Amino acid sequence: MPTYRAVRLAAPGHPLEDSVLEAPAPGPGELLVQVKAAGICHSDAHYRSGVGSTRHPLTLGHEVAGVVAAVGAKVTAPRVGDRVCLHYLVTCGECLDCRAGREQFCATGEMIGKDRDGGYAEFIRVPARNAHPLPAEIPFEHGAILMCSSATALHALRKARVAAGDAVAVFGIGGLGVSAVQLARALDASTVYAVDVNPTKLALAKRFGAVPIDARAGDPVQAIRAATAGRGVDAAIELIGSARTMEQAVQSLAPQGRAALAGLTQERLSVAPYRDILGREAEIIGVSDHLASEIGELMQFIARGELNLREAITRVVPLEAAAINGVLDGLEAFRDEVRCVIRP
Ligand SMILES: [Zn+2]
Ligand SMILES: [Zn+2]
């Protein structure tokens, strides 16, 4: 039996470990994909600490791109040798939510790298319909991070109904924020305000055309109000996952503005109903994952040069537990890193 290397979580609250596993044969409708790049996401730090992941031992990694190594019975596409990136939600395709185009709510849905083995490995087994063609001009590293941060950033902008002429504020310029700034501009937002406390990340957002708002220098809500002649923004996208920044996102809204919340937190959110919501007909909108259909759209943004992930990847590490644990430690400490990718 051939074997392959993987970096796995044996139990929550422990560092990831180097492992050797038996290579799975793809079943009917499945693929075996040789991983060429896997993104390390802030969610993975949560899963390592025991928040969110449901089974152990588990191979983490939900941002995956690679080459099809083997196909199971009944698979007509893709073919062995094809470059692919993997949609991380494995869904039934048949339930009410799947049929309504809300597949992220599939009752039997599983997320790779969270509910089933993911891409911190040399190989991964997935249903063939999770594989999306990765054009030759898009590097594997970019294909990998598209699958989480960029796709969820696009979904957040769609949920916030960002349209041409809208003023947009993006709270948090990490892996998602760098994509959100560029995609908001691609959707013809009039101005994009980028809120963060990290000067490196603010400078990056500025290079992508955003107006940086340094939250260390003062209240970002006041800064946004001052920059918009008191009106506020039509859409605020919260990507940090703290009650404070969510409240700031809501307080930054213009009349009929939409705050799309995509950062994860267990904290309680506090709003002043009249001032923040009713009086402005503002909306608070939850954002969960993204849709397979949005992946094709992302490829088009890249093809048109509207989404550039070159500066989003700040480091490449080997498939080794020590290196990956170090990156996860850095994410927990909110260091300068935007996105780090594993190249097995
Ligand atoms: Zn992710
Ligand atoms: Zn379903």
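The values are calculated or read from the model by the stated rules, or taken from the named source; none is laboratory data. Everything numeric in this text was worked out from a predicted model, so none of it was measured. Here Cβ is always computed from backbone atoms with ideal geometry, including for glycine, and neighbour counts include all displayed protein chains. These accessible areas exclude ligands, DNA and RNA; they are computed on the full protein's heavy atoms, side chains included. Shrake-Rupley method; radii C 1.70, N 1.55, O 1.52, S 1.80 Å.
For the reader, a short list of remarks on this structure follows.
- Rounded if a/c under 1.5, otherwise prolate or oblate - region 158-260, Cα gyration tensor axes: rounded
- Dipole magnitude of region 142-294 about its Cα centre (Cβ charges: Lys, Arg +1; Asp, Glu -1), debye to nearest 20: 220 debye
- Take every DSSP beta bridge whose two residues both sit in the chain; close to 55 percent of them are antiparallel.
- Calculated from backbone phi, Karplus (6.51, -1.76, 1.60) coupling profile of region 325-332 in Hz, x at Gly/Pro: 4, x, 5, 5, 4, x, 5, 5
- Estimated translational D of region 113-219 in µm²/s (Stokes, Kirkwood radius over Cα pairs; 10 °C; 1.306 mPa s): 103 µm²/s
- For the options 236, 180, 322, a Gaussian network treatment of the chain with springs between C-alpha atoms closer than 10 Å singles out 322 as fluctuating the most.
- Cα-based shape type of region 1-119, given that a ≥ b ≥ c are square roots of the gyration tensor eigenvalues and the cut on a/c is 1.5: oblate
- Here is how the number arises for the chain: DSSP H runs of 4 or more residues each give -39500 (n - 2.57), the sum is divided by the residue count, and the result at 222 nm is -7500 deg cm²/dmol.
- Highest-fluctuation residue, 210, 186, 65 considered, GNM on the chain with Cα pairs under 10 Å: 186
- Here the label points at residue 274 and residue 320, each 7 Å from Cα along the C-beta direction, are separated by 6.3 nm in the simple model.
- Long-range Cα-Cα pairs in region 87-140 (distance over 13 Å), rounded percent: 64 percent
- Diffusion coefficient (Stokes-Einstein, Kirkwood radius over C-alpha pairs, 4 °C, 1.567 mPa s) for region 201-344: 73 µm²/s, rounded to a whole number.
- Square roots of 5 times each gyration tensor eigenvalue, C-alpha, the chain, largest first, Å: 35, 21, 19
- Heavy-atom accessible surface of region 1-94: percent carbon and sulfur, 1.4 Å: 53 percent
- Per residue, in Å², the accessible surface of the chain once ligands and nucleic acids are set aside, probe 1.4 Å: 42 Å²
- Kirkwood hydrodynamic radius (C-alpha pairs) into Stokes-Einstein, region 276-321, 10 °C and 1.306 mPa s, D in µm²/s: 107 µm²/s
- For region 181-283, the share of accessible area belonging to carbon and sulfur comes to 51 percent (1.4 Å probe, ligands and nucleic acids excluded).
- Spatially proximal lysines relative to residue 201 (Cα-Cα < 26 Å; intrachain offsets below 8 disregarded): 159
- Placing +1 on the Cβ of every Lys and Arg and -1 on the Cβ of every Asp and Glu, with nothing else charged, gives region 5-81 a dipole about its Cα centre of roughly 160 debye.
- Value of Rg to Rh for region 61-180 (Rh from inverse mean 1/r over Cα pairs, i.e. Kirkwood): 1.00
- Centre-to-centre, using Cα atoms only, region 265-327 and region 1-77 are separated by 22 Å.
- Nearest-20 debye value, region 90-187 charge dipole, Cβ charges on Lys, Arg, Asp, Glu: 340 debye
- Backbone amide hydrogens, once placed in the peptide plane, bring residue 213 within less than 5 Å of 194, 195, 196, excluding anything fewer than 5 places away on its chain.
- Rg [Å, one decimal], Dmax [Å, integer] - region 225-295, C-alpha atoms: 12.7, 39
- Charge dipole (the chain, unit charges on Cβ, about Cα centre) - positive-most of 53, 91, 303: 303
- Label-reachable residues, region 78-101, where backbone N falls under 13 Å from a point 7 Å from residue 23's Cα toward its Cβ: 81
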